[in-house]
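**Q** Got a structure for you, questions after.
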Amino acid sequence: MPNTDDLRYVRTEGAIREAFMSLVAEKPVASVTASELCRKAGISRNAFYLHYASVLTLYTTLVGELVSNIRAESIASAERRSATGRDDELDAAIVATLAKHEGLLRALLPSDDGPLAKCLAEGIEEAFVEAALRYGKHGGSLEHRLRCAYSAWGIVGLAAHWIASTNRPLSEALPHFEELLASAVESSARYLMGNHDRER
């Protein structure tokens with residue numbers, strides 16, 4: 001078992017992550033090999049395998065850390081902003097949290113085939129639901145859960161589009177997100193709730 005506090009281990013970990021980020025900026029994640037990652041990082045294959053079983057394991061670890069951080073920070077940020085439970089407060093908190101991780105998102109999202117977007121959306125949806133439940137504001141209703149799902153996927157979709165189409169900071173995306181999503185969420189939730197009521 002490697003000593004993860006050892007300075008050499010920490011440096012190698014940093015080199016691996018930096019090399020991976022550089023490579024996925026140039027090609028899809030699935031095309032990155034352990035050999036080229038090691039060359040880029042200036043380490044041996046043995047050193048890489050002390051840290052990760054494969055490139056996929058490295059990718060999965062980075063995605064897991066990102067989603068976990070975004071979920072936790074979104075809830076904390078929303079709680080600091082307001083205890084009103086208003087959806088626009090949560091939107092702002094979550095977009096601000098994504099902006100804090102913009103470097104990693106810019107590296108991973110364009111080369112992702114869908115798993116990262118799905119993990120992000122699910123994590124953000126959980127953050128919406130959990131924050132609303134903590135506030136005691138309609139967090140358990142079907143309608144609100146639908147709104148959470150639409151908002152989460154809307155945020156991820158906008159972030160992916162923003163990153164692909166502009167170098168402007170992600171923090172500038174919030175007004176565009178609110179404008180584009182508000183009417184879509186409202187009309188979709190009404191439609192789905194109407195169908196749900198008719199089926200009962």
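**Q** Which one of Glu73, Glu122 is at pLDDT 80 or above, more than 17 Å from Ile163 (Cβ to Cβ) and part of a helix (DSSP H, G or I)?
**A** That would be Glu122, the only listed residue that is at pLDDT 80 or above, more than 17 Å from Ile163 (Cβ to Cβ) and part of a helix (DSSP H, G or I).
**Q** Sticking with this structure for a sec: Which one is modelled with the highest pLDDT among residues in the stretch 107-119 that are crowded, with 18+ Cβ neighbours inside 10 Å and out of contact with any Pro (no Cβ under 6 Å at 6 or more places or on another chain)?
**A** Cys119
The values are calculated or read from the model by the stated rules, or taken from the named source; none is laboratory data. Just so it is clear, the model here is predicted, and its values are computed rather than measured. Using ideal geometry, Cβ is built from the backbone for each residue, glycine included, and neighbour counts are taken over all protein chains shown.
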